[in-house]
1. What order do 65, 153, 145 take when sorted by accessible area (1.4 Å probe), most exposed first?
2. Relative contact order, percent, of the chain when contacts are C-alpha pairs under 8 Å separated by at least 6 residues?
3. So for segment 10-69, averaging the separation of alpha carbon pairs under 8 Å that are six or more residues apart and normalising by length, what relative contact order in percent results?
4. For a quick check of your reading of the filter: which trypsin sites (Lys or Arg not before Pro) in segment 41-86 sit in a DSSP loop and have no more than 13 other Cβ atoms within 10 Å?
5. Does segment 113-153 come out rounded, prolate or oblate, given a ≥ b ≥ c as the square roots of the eigenvalues of its C-alpha gyration tensor, rounded meaning a/c under 1.5 and, failing that, prolate meaning a/b above b/c?
6. Quick check: at a probe of 1.4 Å, how many percent of the accessible area of the chain sits on carbon and sulfur atoms?
7. Return the long-range amide H neighbours of residue 137 (sequence gap of 5 or more, or a different chain), with a cut-off of under 5 Å between placed amide H atoms.
8. What net charge do the residues around residue 140 carry, taking every other residue with its C-beta under 11 Å from that of residue 140, with Lys and Arg at +1 and Asp and Glu at -1?
Amino acid sequence: MKKIGIICAMDNEFALIKQALAHGRTAQIGRCTFYCAEYAGKDIIAATGGIGKVNAAACAQMMISNFGVECIVFSGVAGALSDKLHIFDIIVANDVMYHDLFPASLLRDNFPNCDCFPTDARLAELAETVCTELGLHCIRGRVVSGDQFITDSIVKARIISDTHGDATEMEGAAVGHVCYLNNLPFAILRCISDGADDNGEMDFDTFVEQAAHRCAKLTLGLVERI
Ligand code: SAH
């Protein structure tokens with residue numbers, strides 16, 4: 001793969017990636033700014049797409065339609081659902097689904113007949129290898145998305161029982177959904193910033209910068225090896 005898309009939701013998740021691409025140019029599509037540069041012998045198109053599912057979906061489709069990216073990597077932070085995940089751990093998604101689409105069978109029983117979008121196995125394996133090299137604790141699992149910042153233990157418990165997710169955030173399933181529709185391989189890489197529980201808001205504020213930095217480092221390492 002020669003042309004790779006990288007999406008983050010927030011500027012702090014994007015900082016290190018933007019720095020690595022500083023020698024390139026920017027392109028404007030509507031209100032979205034794309035950073036285009038060669039990195040590790042690949043053409044990278046990267047953007048802060050904004051928070052939430054629609055922002056992420058629009059950004060992914062713009063990258064595909066306007067720049068012809070061959071895969072998309074999402075890099076950012078997430079709240080832990082699984083007890084196995086602690087602050088600063090990495091989750092490399094095996095698949096992504098919505099936790100706020102009811103009933104989930106709507107996408108299964110109608111087009112596109114899929115409600116759980118599988119990530120690219122090769123990209124996920126490579127990401128896991130890079131984690132080992134960087135000394136980052138990593139698990140593979142399910143990432144679930146919705147338009148809600150989860151900071152409530154009761155809501156968290158409901159999401160776990162509905163989805164069997166390992167981590168929650170607000171963009172991954174939208175990117176996965178768009179990539180699925182386009183037959184495009186994708187990876188969702190997340191570093192844990194909080195426990196999506198009653199302490200979640202304070203933890204997020206404390207750990208978001210460092211968690212975002214770790215995930216961006218992993219993402220650049222992955223791009224070097226693709
Ligand atoms: N308090 C922050 C919240 C930003 S939303 C603010 O007002 O700026 C949280 C962002 O981090 C989203 O992009 C989402 O993908 C991710 N995220 C991290 N922890 C999360 C959680 N517990 N629930 C949902 N999204 C979370």
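The values are calculated or read from the model by the stated rules, or taken from the named source; none is laboratory data. Everything numeric here is computed off the predicted structure, so don't read it as measured data. Glycine also receives a Cβ, built like all others from the backbone with ideal geometry; neighbour counts cover every protein chain displayed. Accessible surface is based on the protein model in full, side chains and every heavy atom, while ligands, DNA and RNA are left aside. Shrake-Rupley method; radii C 1.70, N 1.55, O 1.52, S 1.80 Å.
1. Order by accessible area, largest first: 65, 153, 145.
2. 29 percent
3. Relative CO of segment 10-69 lands at 26 percent.
4. Here the sparse-neighbourhood loop sites are 84.
5. oblate
6. The nonpolar share, carbon plus sulfur, comes to 51 percent.
7. 90
8. -2
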